[in-house]
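Throughout, read-outs are computed from the coordinates displayed, never taken from laboratory work. Everything numeric in this text was worked out from a predicted model, so none of it was measured. Cβ coordinates were reconstructed from backbone atoms using ideal geometry, including for glycine residues, and neighbour counts include every protein chain displayed.
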Amino acid sequence: MSLVELARFTSAAEAAIVKGRLEAEGIDAVVFDNGMNLADSSGWLVPVRVMVLDEDLALARETLPKI
């Protein structure tokens, strides 16, 4: 059981929306590097990552097919 990257975003707000959608479907998600992204407003340099458990990755991709 380990965390894997589902998607990267230049905006912390986008990552939070995706996290909320996943959790509404019962899929636990964690946002990484949110503080780094906000610290210097450089999303292209330090992307915000949404992480899920490796066993939830396929379901998360089905839940959010546009990622």
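A compact table of results
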item	result
Phi to ³J(HN,Hα) by Karplus 6.51 cos²θ - 1.76 cosθ + 1.60 over the stretch 47-64, Hz, x for Gly, Pro	x, 8, 10, 9, 10, 9, 5, 4, 6, 9, 4, 4, 5, 4, 5, 5, 5, 10
Modelled FRET efficiency - R0 22 Å, Leu45 with Lys66, Cβ distances, 0.05 increments	0.40
